[in-house]
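One structure is given below, encoded as structure tokens.
The values are calculated or read from the model by the stated rules, or taken from the named source; none is laboratory data. Because the structure is predicted, anything quoted here is derived from the model rather than measured. Cβ atoms come from the backbone with ideal geometry, glycine included; neighbour counts cover every protein chain shown.
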Amino acid sequence: MGAAALVTALQTIVSRRLDPAIPAVVSVGAIRGGSAANVIPERVTLSAACHRSPDAQSVA
């Protein structure tokens, strides 16, 4: 549940905090957290990448 909330929060940064005229992408490529369907893992690892237009200004 926590990993899903983090993915949603990352997408919110792109949709609500950045200028919509400047292309930006946040991609979560993998979520690893155990193999049992009925056990909450102690640790979860997310692999993510952020890409933004090279001429974009920083967000304060």
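Here are a few things to note about the model shown:
- Reported count of residues in the stretch 1-49, each being part of a strand (DSSP E or B) and in contact (Cβ under 8 Å) with a residue 40 or more places away in the chain, is 1.
- From Ser47, Ser58, Ser27, residue being at pLDDT below 90 and among the hydroxyl-bearing types (Ser, Thr, Tyr): Ser58
- Complete set of residues in the stretch 3-45 that are acidic (Asp, Glu) and surrounded by fewer than 10 Cβ atoms within 10 Å (Cβ to Cβ): Glu42
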